[in-house]
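The values are calculated or read from the model by the stated rules, or taken from the named source; none is laboratory data. Fair warning: this is a prediction, and the values are worked out from it, not measured in the lab. Don't worry about glycine lacking a Cβ; one is built from the backbone with ideal geometry, like all the others, and counts go over all protein chains shown. The accessibility values were calculated without ligands, DNA or RNA, using every heavy atom of the protein model including side chains. Shrake-Rupley method; radii C 1.70, N 1.55, O 1.52, S 1.80 Å.
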Amino acid sequence: MATTARPQFARSLRLGLLIAATIGVATGLFAWQQVNDERRIDLEDVNRRAHVLAQQLSRTVEKALTRPDAQAREALRPRLDGYSRLIGYAVFRPDGRLVAAGKAVAEFSDRLEPAAKRAAQTGADAHEFTRFQGAPIHVFAIPLKDADGSAQGVLVVAHDVSYIDERATGRLVSYGFWVLIVTLLAVMLVVGTTWFTYERPLHKLADWMRRLRTENVSEAPPPGLPSALLRSETDRLAASFRAARSTGRRLSRAAMHAEQVWTRDRLRAHAIHALGEDRQLIVVSNREPYMHQLRDGKPYMIMPAGGLVTSLDPVLQACGGVWIAHGGGDADRETADASGRLTVPPDDARYTLRRVWLTREEEQGYYYGFSNEGLWPLCHLAHERPVFRAADWEYYRQANQRFADAVIEEIGDGKAVVLVQDYQLALVPQMLKAVRPDLRVGLFWHIPWPNPEAFRICPWGAELLTGMLGADLVGFHLQQYCNNFLDTVDRVLESRLDWDHFAVELKGRVSRVRPFPISVQNWAERKVPAGEDLAHQITALKAQHKIEGAYIAVGVDRIDYTKGLPERFRAVGRFLEKYPQYRGRFTFVELGAPSRTHLRRYRDHIAQLEALADEINWKYQTNGWKPIHFLAAHHDAKTVHAFLRMASMCIVSSLHDGMNLVAKEYVAAQESHEGVLILSEFAGAARELADALIINPYDTEQFADAIRYGMEMDPAERRARMERMYRTVEEHNIYRWAAGFLTELAATRAAALDEAT
């Protein structure tokens with residue numbers, strides 16, 4: 001027995017060494033690649049920060065360079081010193097002559113001269129690396145021009161990047177240590193596991209089975225084996241098969257889940273690859289992600305309500321870039337520089353916000369007029385007649401040109417990928433291509449696209465479609481909207497449609513049309529309270545708003561006639577009328593954010609909702625309880641999250657909605673998988689969240705019955721439904737949406753290059 005055990009142990013040792021060596025090499029290569037990728041990302045971060053810092057100081061330097069060198073030096077001296085890793089700034093004339101430099105930079109200003117001369121000669125940004133006293137230094141030079149476009153000077157930003165090399169070395173040493181540990185552990189684990197659980201028991205089992213077959217021995221199975229495995233060979237094989245299959249399925253699901261979940265870091269790395277040489281990312285939208293309002297005479301920052309902002313802000317924070325938007329806050333001008341720029345978020349600058357200023361007349365005609373009295377009801381088909389005025393159309397064109405000009409100004413002579421957002425900026429893609437046909441332009445339409453018959457109501461439909469088809473990629477939430485869009489183009493424009501590839505060729509340029517169902521960010525990334533802090537916040541909110549009832553349902557909406565709020569209130573009233581046993585036990589809270597109150601239709605809608613809520617409350621309320629709490633105000637993310645977590649049910653009753661991210665926000669908040677989602681069949685989210693209770697918001701009886709069914713649902717069914725929806729939202733998050741859009745946009749670039757060659 002001992003003689004046969006030795007070669008089997010040697011075989012286990014060889015197998016263990018082979019597997020461990022493979023693991024060690026693969027892990028080492030991965031670690032090396034990871035360190036290099038992280039170092040490259042860190043350096044690109046420094047380059048972006050240097051670009052932002054140079055842009056912020058450039059106006060001041062340009063003014064100073066109009067003076068003689070001595071006066072310019074005196075004016076700039078207080079502004080050129082750095083701090084922390086920013087060593088400082090230096091200013092050169094176009095001929096390479098140093099005008100002024102920070103104290104730390106002055107010691108090696110001669111090493112900055114080559115980059116400054118190159119920037120002055122090429123008229124483009126230049127960056128390189130140099131060393132001073134053994135320390136690596138990142139040098140970024142930006143050319144400055146006067147009003148007539150002639151070279152005025154060069155501003156140089158110097159960063160100490162020794163920390164990047166130190167970080168890379170530390171990571172490499174750390175990875176190397178863990179690779180060694182993992183390899184050694186793998187050797188011991190594989191050899192020990194193979195010998196004790198496979199070679200030795202299997203040898204004993206084979207010997208026992210041979211003797212059992214040939215000698216008909218009656219001895220018990222060899223020790224070390226589960227006796228149940230030998231009671232019946234059929235049972236043993238069946239049990240082993242079931243165990244192996246179950247384990248394999250579980251491991252496969254875990255591996256698939258790990259591959260499907262996108263994170264901020266994964267998107268960032270993917271974006272660098274997808275953008276390629278067009279490294280700069282520009283997002284342009286009407287709504288800004290951060291707005292400043294005056295409160296008690298001081299600027300106060302808020303994040304405007306709406307799915308566009310909550311979806312795209314994490315993408316820009318992950319990828320960096322510039323977000324161009326209308327500056328609509330009454331304190332926006334005083335919180336931005338002379339060009340309307342500022343870095344955001346304020347506590348952790350990740351990208352640049354460039355604000356575009358519109359006159360009151362432009363905003364009224366372009367936004368409130370053509371966009372929201374014309375295109376919004378046209379696309380939503382929610383029983384509101386579109387209003388189109390020639391004057392509003394002119395303001396729409398004028399404002400779109402203003403946004404396009406801002407994009408071109410931000411890009412300069414460089415390359416960029418531009419993501420145009422939504423129906424307010426339909427003309428921008430064509431305007432950009434008219435000036436810079438080399439740009440990669442994507443357009444995402446956040447609302448539904450109507451059928452061709454409805455769209456033809458718009459007097460300027462052909463111009464809108466032509467503007468949209470300036471984009472290389474046009475994205476919608478659903479395939480249905482893509483189909484409607486191509487049908488509309490086919491009816492309205494003289495163009496060539498490729499239905500096999502869902503593309504439109506117009507005047508020699510091809511635009512792809514694709515569905516990209518947008519999603520949300522994980523709540524854990526948004527710095528919302530958790531644990532005891534969340535519990536205290538929920539308790540405080542219940543006390544503040546006097547919310548009673550064992551069962552709380554919530555709705556979160558921008559107050560708009562497409563959201564089905566009257567239908568929702570009536571369904572709650574009918575539910576309490578039909579099932580009186582739930583009076584005093586059920587409370588519905590509507591968090592309504594007022595919007596577009598400049599329009600009478602929206603003011604009347606708020607008044608209608610308040611009257612309807614009062615009517616239902618008057619009918620059913622008691623001294624300590626009322627069924628509907630209508631909280632019409634702008635609520636921050638922490639408050640919304642707290643209400644979503646406290647609610648046992650969320651109700652989304654849109655009459656027509658492109659996606660409706662509130663449904664996904666609620667699912668993302670249900671980490672315990674205990675909530676119930678009631679969702680309108682007319683919301684785009686119903687295509688993905690099939691485990692919600694799908695209702696027709698116009699059917700009040702069905703709606704009321706759905707509320708009751710959700711309250712009485714079996715706990716196991718409730719958890720199973722929410723768990724499936726939670727997994728869907730987690731896997732198909734906003735980072736995956738952005739990665740898919742950028743990948744498809746990059747594919748249009750590759751296709752264009754193939755055609756060119």
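Computed on alpha carbon atoms, what radius of gyration and Dmax characterise region 265-381, expressed in Å?
Final numbers for Rg and Dmax: 15.8, 47 Å.
Looking at the P(r) of region 452-561, how many percent of alpha-carbon pairs lie beyond 24 Å?
51 percent
Once amide H atoms are built 1.01 Å from N in the peptide plane, which residues 5 or more positions from Tyr300, or in another chain, come under 5 Å H to H?
Residues meeting the criterion, in which the H sits 1.01 Å from N, are Gln293, Leu294, Arg295.
Averaged over every viewing direction, what's the projected area of the C-alpha convex hull for region 387-532? Give it in nm², one decimal, please.
Seen from a random direction, the Cα hull of region 387-532 projects 11.8 nm² on average.
Might you report the magnitude of the Cβ-based charge dipole of the chain about its Cα centre, with Lys and Arg at +1 and Asp and Glu at -1, to the nearest 20 debye?
The dipole of the chain has a size of about 1860 debye.
Under the classification rounded if a/c is under 1.5, otherwise prolate if a/b is larger than b/c and oblate if not, where does region 631-740 fall, given a ≥ b ≥ c as square roots of the Cα gyration tensor eigenvalues?
Judged from the Cα gyration tensor, region 631-740 comes out rounded (a/c under 1.5).
Could you state the accessible area per residue of the chain in Å², with a 1.4 Å probe and every protein chain left in place?
In whole numbers, the chain has 47 Å² accessible per residue.
Quick one: pull the percentage of alpha-carbon pairs in region 265-304 with a separation above 14 Å.
The proportion of pairs with Cα distances above 14 Å equals 65 percent.
If you plug each phi of region 367-376 into the Karplus form 6.51 cos²θ - 1.76 cosθ + 1.60 with θ = phi - 60°, what whole-Hz ³J(HN,Hα) values come out, in order, with x for Gly and Pro?
Values per residue, Gly and Pro as x: 8, 6, x, 5, 5, 9, 9, x, 5, 4 Hz.
Using DSSP H assignments, which helices in the chain have an axial alpha-carbon span of 27 Å or above and a mean Kyte-Doolittle hydropathy of 0.5 or higher?
Passing helices, by number: 162-194.
At 0.36 nm per residue, minus the direct Cα-Cα distance, what do Arg385 and Ala124 gain on full extension? Give it in nm, one decimal, please.
88.9 nm
Near Leu53, within a Cβ-to-Cβ distance under 13 Å, what is the net charge of the other residues, with Lys and Arg +1 and Asp and Glu -1?
Computed value for this residue: +2.
Figure the gain on full extension for Arg603 and Ile41 (residue separation times 0.36 nm, minus the Cα-Cα span) and round it to one decimal in nm.
197.4 nm
When the helices in the chain are scored as -39500 (n - 2.57) per DSSP H run of 4 or longer and the sum is shared across all residues, what 222 nm value do you end up with, to the nearest 500 deg cm²/dmol?
-16500 deg cm²/dmol
Suppose every K and R has +1 on its Cβ and every D and E has -1 on its Cβ; what is the size of the dipole of region 42-110 about the Cα centre, in Debye to the nearest 20?
320 debye
What are the semi-axes of the equivalent ellipsoid of the chain, taken as the square roots of 5 times the eigenvalues of the Cα gyration tensor, listed largest first and rounded to whole Å?
Over the Cα atoms of the chain, the semi-axes work out to 50, 44, 26 Å.
Leaving out ligands, DNA and RNA, and with a 1.4 Å probe, what % of the accessible surface on the chain is carbon or sulfur?
Ligands and nucleic acids excluded, carbon and sulfur reach 53 percent.
Want the number for Glu394 to Arg333: 0.36 nm per residue separation, take away the alpha-carbon distance, what's left?
19.4 nm
Could you tell me which residue out of Ala100, Ala683, Ile707 lies farthest along the dipole of the chain toward its positive end? Charges go on the beta carbon: Lys and Arg +1, Asp and Glu -1, centred on the Cα centre.
With unit charges placed on the Cβ atoms, the residue in question is Ile707.
If the convex hull of the alpha-carbon atoms of region 601-684 is projected onto planes in all directions, what is the mean projected area in square nanometres?
That works out to 7.1 nm².
Taking the Cα centre of region 374-431 as origin and charging only Cβ (+1 Lys, Arg; -1 Asp, Glu), how large is the dipole, in debye to the nearest 20?
220 debye
From the residues His477, Gly467, Gln398, which one has its Cα farthest along the dipole of region 388-486 in the positive direction, the dipole being from +1 and -1 charges on Cβ of Lys/Arg and Asp/Glu about the Cα centre?
His477
Taking H as built 1.01 Å from N, whose amide H comes closer than 5 Å to the amide H of Gln152, not counting residues under 5 places away?
Distant-sequence amide H within range of Gln152: Leu144, Lys145, Asp146.
Using label points projected 7 Å from each Cα along Cα→Cβ, tell me how many nm separate Gln33 and Ile302, to one decimal.
If labels sit at Gln33 and Ile302, their model points lie 4.8 nm apart.
Between Val520 and residues 5 or more places away or on another chain, which pairs have amide H atoms under 5 Å apart, with H built 1.01 Å from N, and which residues are they?
Placed amide hydrogens put Ile734 under 5 Å from Val520.
Throw me the Rg/Rh for region 324-439, computed over C-alpha atoms with Kirkwood Rh, two decimals.
That ratio equals 1.01.
Suppose each label sits 7 Å from its Cα in the direction of the beta carbon; what would the Gln479-Tyr163 distance come out to in nanometres?
A separation of 4.9 nm, rounded to one decimal place.
Assuming a ≥ b ≥ c are the square roots of the Cα gyration tensor eigenvalues, decide whether region 562-620 counts as rounded (a/c under 1.5), prolate (otherwise, with a/b larger than b/c) or oblate.
Here region 562-620 falls in the prolate category.
So for the pair Tyr579, Asp636, with labels modelled 7 Å out along Cα→Cβ, what separation do we get in nm?
Taking the simple label geometry, Tyr579 and Asp636 are separated by 3.6 nm.
What residue among Thr728, Ala663, Trp625 has its Cα farthest toward the positive end of the dipole of region 609-757, where the charges are +1 on Lys, Arg and -1 on Asp, Glu, each on the Cβ?
So the residue furthest toward the plus end is Trp625.
According to the square roots a ≥ b ≥ c of the eigenvalues of the Cα gyration tensor, what is the shape class of region 45-121, taking rounded for a/c under 1.5, prolate for a/b larger than b/c otherwise, and oblate for the remainder?
Cα axes put region 45-121 in the rounded bin.
Taking 25 Å as R0, compute the FRET efficiency from the Cβ-Cβ separation of Ala611 and Glu681 and round it to 0.05.
The pair Ala611/Glu681 has a calculated efficiency of 0.35.
Given a Förster radius of 35 Å and the C-beta distance between Ala540 and Thr343 as r, what FRET efficiency does 1/(1 + (r/R0)^6) yield to the nearest 0.05?
0.60
For region 608-746, what's the relative contact order in percent, using C-alpha pairs closer than 8 Å and at least 6 residues apart?
19 percent
Given Cα pairs under 8 Å that are at least 6 residues apart, what percent is the relative contact order of the chain?
9 percent
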